[in-house]
1. 5 Å is the cut-off here: which amide hydrogens, built 1.01 Å from N in the peptide plane, fall below it relative to L111, excluding neighbours closer than 5 in sequence?
2. How would you order 7-20, 30-43 from highest to lowest mean count of nearby Cβ atoms within 10 Å?
3. Between V163, V145, A130, whose Cα lies farthest towards the positive end of the dipole of region 113-208 when Lys and Arg beta carbons carry +1 and Asp and Glu beta carbons carry -1, centred on the Cα centre?
4. Of all the stretches in the chain, which is the longest one without any exposed loop site, taking GluC sites (Glu not before Pro) in a DSSP loop (any state but H, G, I, E, B) with at most 14 other Cβ atoms within 10 Å?
5. Against the 2.2 N^0.38 Å scaling, with N counting residues, where does the chain land? I'd like the Cα-based Rg ratio to two decimal places.
6. With +1 on each Lys and Arg Cβ and -1 on each Asp and Glu Cβ, and nothing else charged, work out how big the dipole of region 122-208 is about its Cα centre, in Debye to the nearest 20.
7. Tell me which trypsin sites (Lys or Arg not before Pro) from region 130-208 have a DSSP coil assignment and no more than 14 other beta carbons within 10 Å of their own.
Amino acid sequence: MLGLLVASLVAALAYFALLDGWYLVRVPCAVLRARLLQPRVRDLLAEQRYAGRVLPSDLDLLLHMNNARYLREADVARAAHLARCGVLGALRALGAQAVLAASCARYRRSLRLFEPFEVRTRLLGWDDRAFYVEARFVSLRDGFVCALLRSRQHVLGTSPERVVEHLCKRRVEAPELPEDLRHWVAYNEASSQLLRAESGLSDVVKDQ
């Protein structure tokens, strides 16, 4: 019995020391909760909310939530969002997947220890290659938007249009992207062209 206990402790220590343990637990749990315990969201563009609270493990040396934690919380909330609106299921049915190709973040005010917040996630739109998702970190103390993150979810194996068509059972025209987001998309494309040129790659080669 003692040997089994020691082996279990060693396995647990190895799991958290060698792997990003909590992340590998939280994302599947968030997806399962969204699929099994929460109602399906039919409106692809509807905002969804994911509650959180700043824990001691989230803090940096200045005693506020460190910038990397915002990206992680946005990742968990985005997975739950895409599960509830059916995008993850549609991707699986089409034998495809979506990967994070680009992200940007604005930090407007610190989130402090034990401060409650919501990650308010919504799908802004899509183009021929990717979905564009926004996550707002809103303090539940006063409703202030403490951070704004936007991400480009590149679709592999199919197209965003086919994913939406699979969900809605009809062709759906993509909504017009906000002007500031279009500037960011243009910046990403210009950056890709520069990097391809530096690498000596043809313009035909696309970022994956």
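Only the coordinates and a few stated rules stand behind these numbers; no lab work does. A quick note: this is a predicted structure, and the numbers were derived from the prediction, not measured. A quick note on method: Cβ atoms are made from the backbone with ideal geometry, for glycine too, and the neighbour counts reach across all protein chains shown.
1. Amide H neighbours of L111, under 5 Å, 5+ apart: M65.
2. Answer by packing, highest mean first, reads 30-43, 7-20.
3. Positive-most Cα among the choices belongs to V163.
4. Answer from the scan: 48-172.
5. So the Cα radius of gyration is 1.16 times the expected 2.2 N^0.38 Å.
6. Here the size comes out at about 380 debye.
7. R141, K169, R170, R171, K206
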